[in-house]
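Participant: Questions regarding the structure given below will be posed in turn.
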Amino acid sequence: MIINKMKCIYCNSNNIEGARFCRNCGKELSEGNVMDTFPSYDFVPASVLKWPVSLIWKLLFYLSMLLIIISILFELNMIEPYQWRPEHYLPWMLLWGIILCISVFILAYSYKKITVPNYTQLADYIQRISTNSPRYLFFCKNGKMGVLDIKRCQVQIPAIYDVLEWKTSQSIIVAQKDNQTSYIDIYGKELK
């Protein structure tokens with residue numbers, strides 16, 4: 001019976017408090033968590049992140065929704081333009097059709113910008129994000145580090161390294177894996 005539990009970050013098995021190796025997978029257990037191990041990286045759990053969203057994209061999203069609703073109401077003849085005449089019907093229909101198409105495009109694009117990405121499946125911890133964050137941020141998954149591309153909302157370099165550190169801001173990384181240090185670029189290619 002395990003009284004004091006220490007969870008393995010690799011296989012999620014519970015272990016006795018103070019154990020040095022996991023009883024299930026045999027990997028070394030780390031003391032503390034990633035936030036304690038790398039305090040200068042400013043890691044936070046991926047589940048509690050507040051992703052910044054631009055106010056402009058929010059406004060475009062709601063404005064395009066309004067235009068779509070007005071266009072649909074006009075197409076259903078629930079709203080009639082001022083001084084309605086049969087000869088003006090075709091130009092009005094074309095104008096509202098164009099406005100509807102543009103609004104749908106803006107709505108789709110702005111929706112992509114305002115939705116909050118869910119990185120909890122990709123990462124356990126991510127560097128804290130703010131409106132002036134760099135494009136690439138470090139993340140941790142199962143005790144390994146990788147790089148996220150915040151602009152494209154995807155993993156840039158998979159989490160296979162023990163430690164990552166910027167050599168040149170946002171371009172060259174010092175990577176440590178299995179006690180070997182190397183330099184890699186932002187695409188994960190080893191530099192010589």
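For every residue, the table says whether it meets (1) of a type outside the set (S, T, N, Q); (2) open to solvent by less than 50 Å² (accessible area, probe 1.4 Å); (3) without any contact (Cβ under 8 Å) to a residue 24 or more places away in the chain.
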{"site": "Asp149", "(1), (2), (3)": "yes, yes, yes"}
{"site": "Cys153", "(1), (2), (3)": "yes, no, no"}
{"site": "Ile160", "(1), (2), (3)": "yes, no, yes"}
{"site": "Ser169", "(1), (2), (3)": "no, no, no"}
{"site": "Ile173", "(1), (2), (3)": "yes, yes, no"}
{"site": "Gln176", "(1), (2), (3)": "no, no, yes"}
{"site": "Gln180", "(1), (2), (3)": "no, no, yes"}
{"site": "Tyr183", "(1), (2), (3)": "yes, no, yes"}
{"site": "Glu190", "(1), (2), (3)": "yes, no, yes"}
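Participant: Can I ask one more? Can you name the strands (runs of 3 or more DSSP E) wholly within the range 98-192 that have at least 1 residues being closer than 30 Å to Phe61 by Cβ and at pLDDT 90 or above?
Facilitator: The strands (runs of 3 or more DSSP E) meeting that bar are 136-141, 144-149, 154-161.
Participant: Go through the range 1-55 and tell me which strands (runs of 3 or more DSSP E), entirely inside it, have 3 or more residues that are open to solvent by less than 100 Å² (accessible area, probe 1.4 Å) and either at pLDDT 75 or above or in contact with a helix residue (DSSP H, G or I) (Cβ under 9 Å, 6 or more places away or on another chain) (or both).
Facilitator: By residue number, 43-45.
Participant: Exactly one of (1) touching a helix residue (DSSP H, G or I) at 6+ places or on another chain (Cβ under 8 Å); (2) surrounded by fewer than 18 Cβ atoms within 10 Å (Cβ to Cβ); (3) not charged (D, E, K, R) is unmet by Pro134. Its number?
Facilitator: Against the list (1) touching a helix residue (DSSP H, G or I) at 6+ places or on another chain (Cβ under 8 Å); (2) surrounded by fewer than 18 Cβ atoms within 10 Å (Cβ to Cβ); (3) not charged (D, E, K, R), Pro134 comes up short only on (1).
The values are calculated or read from the model by the stated rules, or taken from the named source; none is laboratory data. Fair warning: this is a prediction, and the values are worked out from it, not measured in the lab. Note that each Cβ is placed from the backbone with ideal geometry, even for glycine, and that neighbours are counted across all protein chains shown. Just so you know, the surface numbers come from the protein's heavy atoms only, side chains and all, with ligands and any DNA or RNA stripped out. Shrake-Rupley method; radii C 1.70, N 1.55, O 1.52, S 1.80 Å.
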